[in-house]
There are 2 protein chains.
Amino acid sequence: MKKIDILKKLRSSRLRPTKQRVEIAKFLFEREKTFHFTVESLNKLLIKKLASKIALATIYNTVHAFKTAGHLSEVEVRGNKTYFDTNVSNHHHFYDSENAELIDIDANDIVIQKIPKAPNGKKIKNVEVFINLKN
Amino acid sequence: MKKIDILKKLRSSRLRPTKQRVEIAKFLFEREKTFHFTVESLNKLLIKKLASKIALATIYNTVHAFKTAGHLSEVEVRGNKTYFDTNVSNHHHFYDSENAELIDIDANDIVIQKIPKAPNGKKIKNVEVFINLKN
DNA sequence: TTTTCACTTTAGAATAATTATAAACTAGAA
DNA sequence: TTCTAGTTTATAATTATTCTAAAGTGAAAA
Ligand SMILES: [Mn+2]
Ligand SMILES: [Mn+2]
Ligand SMILES: [Zn+2]
Ligand SMILES: [Zn+2]
């Protein structure tokens with residue numbers, strides 16, 4: 001993803017391309033593979049990468065703005081920190097608790113044969129499969 | 001589950017059956033259906049139910065002791081609070097975000113046909129399926 | 001039974017993650 | 001250029017949880 005696309009992505013979701021947002025967006029989206037992170041881990045990586053530091057509050061604001069805009073998804077992982085994911089398509093995860101690392105599983109790599117029907121007038125919104133790993 | 005069983009359960013896991021532990025255990029385990037809760041919700045219910053109040057730290061201590069002993073499991077739910085579950089068998093969940101309510105799915109009610117192999121020397125510990133509901 | 005003491009409870013302090021506040025700054029429309 | 005709504009920032013506040021250390025207690029041993 002090029003810088004011009006970053007600007008397009010921000011503008012298309014009515015997010016002013018400020019210096020901070022562009023830097024965070026470049027860091028998150030200019031990569032080939034999915035990136036899973038917490039605000040804390042992102043902050044550390046941004047400090048290493050960038051000359052000027054971005055306020056932690058801005059990182060929280062930006063990550064939430066990106067999530068709201070649909071550019072990031074949130075992944076449920078055991079623990080107290082919130083994990084985010086640059087892969088916003090429907091997919092699943094391995095979780096390697098040893099390394100506190102999430103690994104993507106393509107939606108097509110898991111086929112569910114039997115599923116219960118949703119209770120009392122509810123519908124199924126989505127199905128998330130979480131595979132815990134051990135050594 | 002009767003009181004005698006509660007005492008047995010505590011003693012068998014080398015947990016002294018103190019007044020507080022017995023009261024919490026009776027509240028959690030003397031019921032027919034699975035009970036999903038957070039420490040906050042449990043605390044509120046205990047305040048209503050019991051004459052004398054149990055310190056919040058004791059509720060944290062006790063819930064963790066029960067979890068360590070295998071009498072409770074932890075469920076991953078979107079949000080910042082930790083959810084616990086009196087159902088310690090391998091099973092899955094519906095999540096009704098409207099009511100912030102978990103609903104059990106028996107392990108046999110979900111059959112997975114195709115699953116990817118675990119990465120690089122890792123093994124699969126367990127598979128958790130989480131079905132989000134909508135109206 | 002009493003004594004003893006490791007285990008437990010408790011109030012309150014501490015920590016960690018996240019959100020709120022409000023003043024200073026800035027992108028970009030006019 | 002000017003203007004202003006949107007944004008950033010340092011810092012305070014909030015929330016969930018864990019820590020601390022003093023007081024209390026279950027139950028083994030005397
Ligand atoms: Mn979590
Ligand atoms: Mn959670
Ligand atoms: Zn992912
Ligand atoms: Zn359950």
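The values are calculated or read from the model by the stated rules, or taken from the named source; none is laboratory data. Being a predicted model, the structure only gives us computed values, none of them experimental. Here the Cβ is made from the backbone with ideal geometry for all residues, glycine too, and neighbour counts use every protein chain on show. Areas reflect the complete protein model, heavy atoms only, side chains present, ligands, DNA and RNA absent. Shrake-Rupley method; radii C 1.70, N 1.55, O 1.52, S 1.80 Å.
Please report, as a whole percent, how much of the solvent-accessible surface of region A:3-75 comes from carbon and sulfur atoms (probe radius 1.4 Å). Mind showing how you got there, number by number?
Values: 2330 of 4480 Å².
Answer for region A:3-75: carbon and sulfur cover 52 percent of the accessible area.
Relative contact order of region B:89-133: what whole-number percent is it, with Cα pairs under 8 angstrom and at least 6 residues apart?
Numbers: 43 pairs, mean separation 22.4, N = 45.
Normalised by residue count, the contact order of region B:89-133 is 50 percent.
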For residue A:12, what accessible area in Å² do you get when you roll a 1.4 Å probe over the heavy atoms of the protein chains, rounding to the nearest 10?
90 Å²
Which residues qualify? For residue B:38, with a placed amide H closer than 5 Å and at least 5 residues away or on another chain, they are B:84
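Mind listing which trypsin sites (Lys or Arg not before Pro) in region B:44-93 are in a DSSP loop and have 16 or fewer other Cβ atoms within 10 Å?
Numbers: sites: B:44, B:48, B:49, B:53, B:67, B:78, B:81; in loops: B:53, B:78, B:81.
Qualifying residues, ordered by number: B:53, B:78, B:81.
What relative contact order, as a whole-number percentage, does chain A give when Cα pairs under 8 Å and 6 or more residues apart are counted? Could the numbers behind the result be given before it?
Values: 130 pairs, mean separation 25.1, N = 135.
Value for chain A: 19 percent.
Give me the accessible area per residue for region B:1-121, probe 1.4 Å, as a whole number in Å².
Values: 7280 Å² over 121 residues.
Heavy-atom accessible area per residue stands at 60 Å².
Could you compute how fast chain A diffuses translationally, taking Rh as the Kirkwood radius over C-alpha pairs and applying Stokes-Einstein at 37 °C with viscosity 0.692 mPa s? Give it in µm² per second.
Numbers: Rh = 16.6 Å.
Stokes-Einstein gives a translational diffusion coefficient of 197 µm²/s.
Among DSSP beta bridges whose residues both lie in the protein assembly as shown, state the antiparallel percentage, nearest 5. Can you show the working numbers first?
On the way: 38 of 46 bridges.
Of all bridge pairs located within the protein assembly as shown, approximately 85 percent are antiparallel.
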Alpha-carbon Debye profile of the protein assembly as shown, log10 I(q)/I(0) at 0.11, 0.12 Å⁻¹
-0.78, -0.89
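Mind running the shape call on region A:66-135? Use the C-alpha gyration tensor, a ≥ b ≥ c as the square roots of the eigenvalues: rounded below 1.5 for a/c, prolate if a/b tops b/c, oblate otherwise.
Working: a/c = 1.76, a/b = 1.26, b/c = 1.40.
The shape class here is oblate.
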So for R0 = 51 Å, FRET eff. of residue A:18-residue B:32 from the Cβ-Cβ r, to 0.05, ends up at 0.35
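Interface size between chain B and chain A, please: total buried accessible area, 1.4 Å probe, rounded to the nearest 100 Å².
Values: alone 9770 and 9780 Å², together 15970 Å².
Answer for the B-A pair: about 3600 Å² buried.
Got a number for carbon plus sulfur as a percent of region A:89-133's accessible area, 1.4 Å probe? Mind dumping the intermediate values first?
On the way: 1100 of 2430 Å².
Heavy-atom surface of region A:89-133 belonging to carbon and sulfur, 1.4 Å probe: 45 percent.
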